[in-house]
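Contents: one structure, followed by commentary.
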Amino acid sequence: MILSFLFLTGVTGLMVLGIGRWLGEKGSIFFTLGGVWLTFFWNFFYLFPKALEKKVFLLEGPVWFQANGLEVRWTFCLDSLTILMLVVIVGISSLVHTYSIDYMKGDPHLPRFLAYLSLFTFFMTLLVSSANFLQLFVGWEGVGLCSYLLINFWFTRKQANKSGLKAMVVNRVGDIGLMLAFCLIYWKYKSLDFSVIFLMTPYMEGIPFWFGFTYLEVVAFLLLVGAVGKSAQLGLHMWLPDAMEGPTPVSALIHAATMVTAGVFLVVRCSALFESVPSVLRLVALLGGLTAFFAASTGLFQNDFKKVIAYSTCSQLGYMFLACGLSSYDGAMFHLFTHAFFKALLFLGAGGVIHSFLDEQDLRKMGGLSHYLPFTYTSIFIGSISLMGFPFLAGFYSKEWILEVVASQSFDPFYLFLYGLGVLSAFFTSFYSIRLIYLAFLSLPRSNQVYYRSVHEVPFFMGIPFFLLMICSISVGYLFKDLLIGLGTDFWNYSIHINYTNYRGVEAEFLPYWMKLIPLFFALSGAFVSYLIQSPLSMYFLFWLKEKGYGLVLFLNQKWFFDSIVNYVVRFHLKEGYSSTFKALDRGAFEWFGPTGLSRLVYWFSEKVTMLQSGYLYHYLGGMLFGVVGLIFFSLFSADESFLLVGLMVWVLWISIEER
Amino acid sequence: MRTEIFLLIASILSIGLGGLTLFRTNLLLVLMGMEFLFFGINLNFAIYSISLDDLMGQLFFLYILTVAGAESGVGLAILVSYYRLRGEIWLDLINKLKG
């Protein structure tokens, strides 16, 4: 029963992918939406109460494979962490499915689109519900595949192709790290089950490994590399903004709410392992803080509507990593939870604007849309202020909590630095959110009349997700704060493990009041400054921009030149890898001695053999003669000699044919 | 005596075989090579029937002779009809046996 609901989206997705062409638009909508909504209702009304009752499901399936002592089973572990993720994933997914009905209306590939979305939901379900690393990896790669297919959905566009490939290639780096981590884990633990690994971790502390690093440090670092790749943290973040080439519902579902949080989920899931390696935890925190700051500052002067939100996603993921690095896994999960709602709302709102505005995405060519799209404007506004951390909305509780946890450690200069980064990121977040709203909705219209003629408010099925997500973005922080991060909450029920020396909840709770107000102050002042330089002081701002700030703005607009630097550095290594492993080995030696060489050999040999059938009488007679002589040899001499003689004869015959 | 006879038979057989495989000018020559083969074998049978004092060899001689006569008749008939059809019995042009 439980498994059938876990697999329902996969079944409908595969079905529609296979026979969607015959099901047609209505049929595929019926099956995929039915599957995903049923799964959501079941998750929300059956599994979620079970999580509240502190029940854990452990479903042991059949053996997947068995190799010399390693036995991998299909095991599903549904604890409160998984169930919370399931509710978020399938909830957002069902809303996005509904949204896609109208967004992709008239697209000839609608069944394929919905099927990919459903398959993505299935793989994400597999990822979060697995109880061993390899099964998690199946889901991990599956969502990567679906992400590629969906970025590349309009596959005739070159930019979409390039972005899809980029996402795939950058994610490979992280996946290599993850694979190496699995290998190392199996090396010492002799198992890949979570239950074994997390129980045995305290006994693995202090085993020396390479260059003075301990075994656990290396394992945790490699797991972190995998998480960084999937969650687009600094260094491997380049694919996420480019992934915005895909359709907007995809950006909402995959590149904002669910798939990119898989890295955070991995770190939270492996909390028992990460807790034993304080050095890697500091690295996680540093990476998170830097990513939050980098992405928020890059988002300041982006001109693409979706890229601003994409960098915002990157920045919020940085916050989640920061929380993980401070052992506040519950804070990270809470931020993941609230972020999923308001970021999905923002992306769906962006989709609504783009949909009605003749697919124009450039912020500089919009303006004045609040009069035409009041509902979309409201939804983006609510999403934005929730993202900024406006008091008592969803983002407020989670982001404030993370920053409070960091602030509670600010006696350490390292964490003080991270706190500064986090607060500045909050400032930047408000800045770009208000800039986005101002440029798109509040300023004077700056585009052609043609665009404004086509503007229309969102259709019915696009409106429903807006409405529900708006309610969630407003209320979900207040409703779930005490459940998820309240002091001493037992919701998590051992699904995440925090070392008692690392638990910072109490200190964060009893911070001085003025310290708790610092992030809020920065967020509000960011919004205020942004509004000032957009509207009343815009002339001064433009003057400053032209005279002094040009370099800075270019630097931020070009994403800190990250892509160029990476291109410059990686190009030579890629060339080397291309010419050695790919060209010389994969397409060279293995190909030559493998499939291509074999097929060519068969072709060449058959060509020679067909030359035997020349049609000339004397050739046939010669063949008969040689056959008879061969038979005589066999009857007279031993087998070896006969083979030799017959081979000799065949060779002579061969030569005579060759000469022709 | 036996060696000479054996050599004679062997040379007749080789002439037949060589005629079969190496002649490329005329279908008639191929037929003649075939006759050579037959008669080499026939001679073999006859001589060994005398030397082994076994009547079976001579019986086979007669039998093969009959078959060879019939066969060469058929072969010549094919040759004649082929000549009527193509106006040519040059072996290099008989290459339609590819199927």
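The values are calculated or read from the model by the stated rules, or taken from the named source; none is laboratory data. Since this is a predicted model, take the numbers as computed values, not measurements. Here the Cβ is made from the backbone with ideal geometry for all residues, glycine too, and neighbour counts use every protein chain on show.
Below, the figures for the structure above:
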item: Restricting the range A:520-541 to residues that are of a type in the set (Phe, Trp, Tyr) and touching a helix residue (DSSP H, G or I) at 6+ places or on another chain (Cβ under 6 Å), the residue that is surrounded by the most Cβ atoms within 10 Å (Cβ to Cβ); result: A:Phe522
item: Total residues in the range B:54-99, condition without any contact (Cβ under 8 Å) to a residue 24 or more places away in the chain, within 14 Å of chain A (Cβ to nearest Cβ) and either surrounded by fewer than 12 Cβ atoms within 10 Å (Cβ to Cβ) or assigned to a helix (DSSP H, G or I) (or both); result: 6
item: Qualifying residue in the range A:18-41 (condition: in a helix (DSSP H, G or I) and among the acidic types (Asp, Glu)); result: yes
item: Boolean, A:Gly597 is under 30 Å from A:Phe643 (Cα atoms), out of contact with any Gly (no Cβ under 7 Å at 6 or more places or on another chain), without any contact (Cβ under 8 Å) to a residue 40 or more places away in the chain and within 14 Å of chain B (Cβ to nearest Cβ); result: no
item: Search result, residues across the range A:192-218 that are crowded, with 18+ Cβ neighbours inside 10 Å and touching a strand residue (DSSP E or B) at 6+ places or on another chain (Cβ under 8 Å); result: A:Leu192, A:Asp193, A:Phe194, A:Thr214, A:Tyr215
item: Candidate set from the range A:125-147 (those that are under 14 Å from the mean Cα position of the chain (by Cα) and among the aromatic types (Phe, Trp, Tyr)); member that is nearest to A:Ile92 (Cα to Cα); result: A:Trp140
item: Given (1) touching a residue at least 60 places away in the same chain (Cβ under 8 Å); (2) surrounded by fewer than 22 Cβ atoms within 10 Å (Cβ to Cβ), index of the condition A:Phe41 fails; result: (1)
item: Number of the condition not met by A:Val225 [criteria: (1) buried (at least 24 other Cβ atoms within 10 Å of the Cβ); (2) β-branched (Val, Ile, Thr); (3) more than 10 Å from the chain's Cα centre (by Cα)]; result: (1)
item: Flag for B:Asn26 being modelled with pLDDT under 90 and closer than 18 Å to A:Tyr620 by Cβ; result: yes
item: Residue within the range A:363-376 that is in a helix (DSSP H, G or I), in contact with a Phe, Trp or Tyr (Cβ under 9 Å, 6 or more places away or on another chain), among the hydroxyl-bearing types (Ser, Thr, Tyr) and within 23 Å of A:Thr261 (Cα to Cα) present; result: no
item: Positions within the range B:14-53 being within 11 Å of chain A (Cβ to nearest Cβ), part of a loop (DSSP other than H, G, I, E, B) and surrounded by fewer than 16 Cβ atoms within 10 Å (Cβ to Cβ), in sequence order; result: B:Arg24, B:Thr25
item: Complete set of residues in the range A:23-40 that are of a type outside the set (Gly, Ala, Ser) and touching a helix residue (DSSP H, G or I) at 6+ places or on another chain (Cβ under 9 Å); result: A:Leu23, A:Glu25, A:Ile29, A:Phe30, A:Phe31, A:Thr32, A:Leu33, A:Val36, A:Trp37, A:Leu38, A:Thr39, A:Phe40
item: A:Leu283, sole failed condition from (1) touching a helix residue (DSSP H, G or I) at 6+ places or on another chain (Cβ under 6 Å); (2) in a helix (DSSP H, G or I); result: (1)
item: Verdict on A:His573 being within 14 Å of another protein chain (Cβ to nearest Cβ) and part of a helix (DSSP H, G or I); result: no
item: Qualifying residue in the range A:187-196 (condition: over 24 Å from A:Val87 (Cβ atoms), aromatic (Phe, Trp, Tyr) and assigned to a helix (DSSP H, G or I)); result: yes
item: Counted residues, the range A:44-59 - those being out of contact with any strand residue (DSSP E or B) (no Cβ under 9 Å at 6 or more places or on another chain) and loosely packed, with under 15 Cβ neighbours inside 10 Å; result: 6
item: The range A:606-622, subset assigned to a helix (DSSP H, G or I) and within 16 Å of B:Ile94 (Cβ to Cβ), residue farthest from the other protein chains (Cβ to nearest Cβ); result: A:His619
